[in-house]
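The values are calculated or read from the model by the stated rules, or taken from the named source; none is laboratory data. Nothing here was measured: the structure is a model prediction, and the numbers come from that model. Cβ: placed from backbone, ideal geometry, glycine included. Neighbour counts: every protein chain shown.
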Amino acid sequence: MSFVHVDNARFHFEVTGSDSAPVLVLSNSLGTTLAMWKPQIAEFAGRFRVLQYDTRGHGESSVSPGPYTVERLAEDVLRMLDALGISSVVFCGLSLGGMIGMSLALRAPGRIKKLVLCNTAPKIGTPESWNSRIAAVEKGGMAAVADAVLERWYTAPFRKSAPAEVAETRQMLLDTPPQGYIACCAAVRDMDQRQAIRQIRVPTLVVAGANDPVTPPTDAKTIVDSIAGAQSVELPAAHLSNIEAANQFTASVLRFLCE
């Protein structure tokens with residue numbers, strides 16, 4: 001288990017692949033850890049030096065006092081790259097990770113060679129919905145929201161046909177530190193990049209889930225229409241498309257990154 005310390009915070013990360021390959025950063029969704037990328041690692045590592053990390057407040061990374069902001073979470077990535085001596089990367093983020101990717105492309109475009117935005121949006125949900133979720137976790141911990149989250153993350157057929165994958169995701173949710181989760185919920189609640197992303201000039205792929213109730217295909221279209229030259233792909237999945245449609249996801253991302 002590897003860690004890097006920046007700004008009095010500890011970040012858990014793993015690196016897979018050749019040291020001489022270009023670096024691909026993978027950024028996890030709210031309520032998961034770097035383990036969510038397990039279906040992709042073997043193939044991604046054949047082409048890239050893959051850097052996975054646990055977002056602040058998640059997994060083995062520090063749970064610093066909240067609330068957080070997406071800008072703070074993007075700065076964490078830049079400081080981590082500095083500490084590891086990495087000047088530029090290609091970046092792939094899902095949901096919250098995608099929001100972080102948008103912020104990075106705006107804050108440090110020279111360091112992001114290509115950007116993959118998966119099952120995400122420049123604004124997700126309403127303040128009321130996020131405040132309600134925060135209140136539920138404050139009262140009942142992660143168990144209070146786990147079932148509802150899983151219903152949004154995976155389609156009913158997948159939940160029935162892939163119980164092992166669903167159980168692994170449930171455990172990641174239940175193991176997420178409540179205070180870290182709440183602090184990141186606030187970051188998503190307070191972020192609205194709908195106008196700002198029009199300034200992104202980084203080559204971008206937008207991945208949508210055809211059955212995603214969290215960030216539906218209309219959100220993907222908003223991103224594609226806002227970022228000049230952005231490409232898109234729609235997969236037969238709900239929110240965690242990299243798990244529910246793993247093979248198609250991996251192939252689509254590699255095709256874009258290696259073209």
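Some notes on this structure:
- Residue in the stretch 21-44 that is among the small types (G, A, S), within 30 Å of A146 (Cβ to Cβ), touching a Ser or Thr at 6+ places or on another chain (Cβ under 7 Å) and part of a loop (DSSP other than H, G, I, E, B) present: yes
- Restricting attention to the stretch 221-233, the residues that are free of Cβ contacts under 8 Å to residues at least 60 places away in the same chain and either buried (at least 20 other Cβ atoms within 10 Å of the Cβ) or within 23 Å of R47 (Cα to Cα) (or both) total 5.
- Qualifying residue in the stretch 127-148 (condition: at pLDDT 95 or above, closer than 16 Å to R189 by Cα, in contact with a strand residue (DSSP E or B) (Cβ under 9 Å, 6 or more places away or on another chain) and surrounded by 14 or more Cβ atoms within 10 Å (Cβ to Cβ)): no
- Test result for M172, closer than 19 Å to I100 by Cβ, in contact with a Pro (Cβ under 8 Å, 6 or more places away or on another chain), surrounded by 17 or more Cβ atoms within 10 Å (Cβ to Cβ) and at pLDDT 95 or above: no
- Contact map, the stretch 184-201: first residue farther than 21 Å from A220 by Cβ, second residue among the polar types (S, T, N, Q) and buried (at least 22 other Cβ atoms within 10 Å of the Cβ), Cβ cut-off under 8 Å, separation 6 or more or different chains; pairs are C184/T55.
Table: residues versus (1) modelled with pLDDT of 95 or more; (2) farther than 19 Å from V4 by Cβ; (3) of a type outside the set (A, V, I, L, M).
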position	(1), (2), (3)
L51	yes, no, no
E60	yes, no, yes
G97	yes, no, yes
G101	yes, yes, yes
A108	yes, no, no
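- Residues satisfying the stated conditions in the stretch 156-193, i.e. within 17 Å of M36 (Cβ to Cβ) and in a loop (DSSP other than H, G, I, E, B): A162, T176, P177
- Within this structure, N131 fails the test of being in contact with a Ser or Thr (Cβ under 7 Å, 6 or more places away or on another chain) and either closer than 21 Å to K38 by Cα or without any contact (Cβ under 8 Å) to a residue 60 or more places away in the chain (or both).
- Residue that is nearest to the chain's Cα centre (by Cα) [pool: residues in the stretch 83-126 that are assigned to a helix (DSSP H, G or I), surrounded by fewer than 16 Cβ atoms within 10 Å (Cβ to Cβ) and without any contact (Cβ under 8 Å) to a residue 60 or more places away in the chain]: R107
- Filter result (in a helix (DSSP H, G or I) and among the small types (G, A, S)) within the stretch 218-259: A220, S226, S241, A246, A251, S252
- Long-range neighbours under 7 Å by Cβ, at least six apart or interchain, first residue on the phi > 0 side of the Ramachandran plot within the stretch 59-76, second at pLDDT 95 or above and β-branched (V, I, T): G59/T33
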